[in-house]
1. Given the DSSP H assignment, sum -39500 (n - 2.57) over each helix run of at least 4 residues in chain B and divide by its residue total; what's the result at 222 nm in deg cm²/dmol, nearest 500?
2. Could you tell me how many degrees, from 0 to 90 and to the nearest 10, lie between the Cα long axis of helix B:274-296 and the main elongation axis, the longest principal axis, of the Cα atoms of chain B?
3. In what sequence do A:40, A:274, A:178 fall when counting other Cβ within 10 Å, fewest first?
4. Taking every alpha carbon pair in the protein assembly as shown, what does the distance histogram look like in 10 angstrom bins from 0, in percent?
5. Please work out the C-alpha center-to-center distance from the stretch A:175-211 to the stretch B:25-83 and express it in whole Å.
6. Under a cut-off of 19 Å between alpha-carbon atoms, report the lysines in cross-link reach of residue A:380, not counting same-chain residues fewer than 8 places apart.
7. What FRET efficiency comes out for the pair residue B:227/residue B:50, r = Cβ-Cβ distance, R0 = 25 Å, nearest 0.05?
8. Taking a ≥ b ≥ c as the square roots of the Cα gyration tensor eigenvalues, with a/c under 1.5 meaning rounded and otherwise prolate when a/b beats b/c, else oblate, which class fits the stretch B:216-280?
Amino acid sequence: MLNAFMSYLGSTVTPGEAGNQFWALIYVLIIFAGVSLAVICMNWLERKALAHFQIRLGPMRVGPHGLLQPIADALKLMLKEDIIPSEADQFVFWVAPLIGLLAAFTVYTVIPFGPSQAVSDMNIGILFMLGVSSLGVLGIVVAGWASNSHYPLIGALRSSAQMVSYEVAMGLVVVSAILMTSLNASGTGTLSMIGIVQAQQQQGIWFIFKFFPLGFIAFAIFAIAMVAETNRAPFDMAEAESELTAGFHTEYSGLRWSLFMLAEYAAMIAVSSIAVTLWLGGWMRPFPNLLHAPAWEFIFSLFPGLTFAGLAAIAVIGTARMPAHSFFKIQRMGLAVFAALLGFIALFLLVIAVAGRSADTSVAARFREGIDYVYWFVLKVAVFMYLFIWYRATWPRYRFDQLMKIGWKVMLPISLGVLIVTAIVGVIFS
Amino acid sequence: MSIRESTNDVSNLDLDTPDKTYLDSNELIINMGPQHPATHGVLRVILKLDGERVLGTECVIGYLHRGVEKIAENRTYTMFNPYVDRMDYVAAVSNGLGYCEAVEKLLNVEAPARAQYIRVILTELNRIASHQLWLGTHALDIGAMTPLFYTFRDREEILKIFERYCGARLTTHAFRIGGCQYETYAGFEKDVNNFLTFFAPKIDEYETLLTTNRIWLERTKNVGVISGEDAIALGVTGPVLRASGVKWDLRKAQPYAAYSKFDFEIPIGENGDTYDRYLVRMAEMRQSMRIIEQAVNSIPEGPIMGKVPKVIKPPVGEIYHSIEAPKGELGYFIVSDGSTQPYRLRVRPPSLVNLQALDIMVRGLLVADVVAVIGTIDIVLGEVDR
């Protein structure tokens, strides 16, 4: 048991590649728990950020600054009556949210949080990822159809129309990024997610800056298409609240409805991870090729700890600014505990950073590296998450024929052009 | 499509046996409302769809019917005054102004100059408040969540002035037959002037969010087009009519209250689409500010109540008086039999009449445009159903 546990620690490949099923299982569990936690955080952050865009406070009552609101919501949804309309196709209605959820979570098997911090490194990683994440649409279509109701049906139709119009452009720009991975001495590219990041490492440039502005255009198209893929504003036609009441999930309630939400947020994180992996250097910290002196290495390794220290500081300030009235006593205590928790995490991370600063192969050094990789990856993904909220606060909703027009008449020609030009430029410069 | 054709189609909106369209698929008949996030209350629209394309609509109204006109027959003229506030509850002051002026016309009395100035100021403030609510909800229908909160924040300042003036925020009952009941409170002029300086940059803020927003342009330009001819034929009034290029505003056309004393313009549009209606209303808010500024800085001194008998008993006769409410022409037709109660009172609500234009505006458009058009007509169901 212990041997099985320890056998992997010194390894530099993913458990999937090492054939270590035990560690693969552990990774799956960690990722599942981590993504669920991220969704809960995202839920709270979205409500708070959106509220502040809109000069509101957002949740403030359940826990200090509404920190326990997502948990209260989840609890409420679990306790709610689970309604299946009598006219609905019962089995399909039951299975639809699971399809969406499964598709959203399956893609995490190939997302590389670090060179060895992934469940598996498939050689067709990106293909697998695009294929599986597109299956999420099936969940929506099936849910809309099974509800046997008009608004969900229209929502489902919109969703499928949406899929055919962005998926093509999205695939083409992904191909242009894959082409860039082949610009090495041997001229072989890769579809492996880890390989794509390593190619950026070897070439010393994030693909977003490669052949500027080619990489950037490709990235921008992907960034638009991924908003459409996750049915988020301004492309949230499938659930357009003001038009279709709630779109495809109008007839869903309780836990089944919350599975759709979970799938939506998980899918948002997943597609952001693709964008980060393909164009933003995945797990790499900024300027690994220029600032590679041990001192720089150490400074950058302090970032995770400092981030949590900053969060803890915000929580401390929040505690201090709580009204002095005795009504807020419990809330103040709660926030103080939260601040202490963040502080402990910060302390732990800083200790790891200091203990693992020598670049040897000790467990502490490996652990420190792993934390750095995951930190930079998550930070980049978090930027996209913020963008998702920002879009939602700022823009009106597109009409679905307008999305299709953009997809076919604007994005598709541009992405085709980018692909061709990338190929030509790649041949010339290699 | 001419109006005559389209109205015939509506009455033939055959709901029981949907027609077959191509590929042997049926038309979809869908109920939008009465409980729907974008129908501004309890409007029910039956949509006949081919896929998402609208083939025809039918409005079903009456879910908020309270029989206001019948109630009027059992109330004295004074007692009925607060009821009109409950029709268009976002522009209650305008409703009160229309009713009071109608009864004054029937009685053949006139409100004193000071009362008329106060009436103009409050009515124009209310016009801004009404347009703010329209802007917020209209943007929300099209998917922009944020403007709603900004408009509500600023509308609050107007409601505060109302509250200080008469104690109520929404259903104000601000005016009385013959003038105003309340003298302006100390600092009224200052509050109004403060509001004007506060609000001028806020309109620009709304416009930054929407006017040049590409998605907003795509969603509103050439959507829900109605020609000036059709609009007149349907009796459409207010900003919807003016956006179609017809320069018709009762404040200029048949001035009432003190409007003839002020210098303002009537903004008009060209294309009669949703975007032009948006621009017209935004410009109207600016013009309202101009009127308020002139009025508040030149309020004459004097009494606020005209010579009205304690018991209002108008002579036998009938009267139609209409004013330019924020949503269009608001008319009151009152028949008096010489008693203390109206024999018959009929309201011509702008929302109801403008709603007629929905069908020809949305034919051939998509479901998403239906909510945009309902929003742009700016209906209040309290007024549609009465």
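1. Result for chain B, helices only: -14500 deg cm²/dmol.
2. Taking the Cα atoms of chain B, the angle to B:274-296 is about 10 degrees.
3. Ranked by crowding around the Cβ, least crowded first: A:40, A:178, A:274.
4. Whole-percent P(r) values from 0 Å outward: 2, 11, 18, 20, 18, 13, 9, 5, 2, 1, 0.
5. Cα centroid to Cα centroid, the span is 60 Å.
6. A:210
7. Rounded to the nearest 0.05, the efficiency is 0.55.
8. oblate
Taken together, the values in this text are just the output of simple stated rules run on the coordinates, not laboratory data. All of these numbers come straight from a predicted model, not from anything done at the bench. Cβ coordinates were reconstructed from backbone atoms using ideal geometry, including for glycine residues, and neighbour counts include every protein chain displayed.
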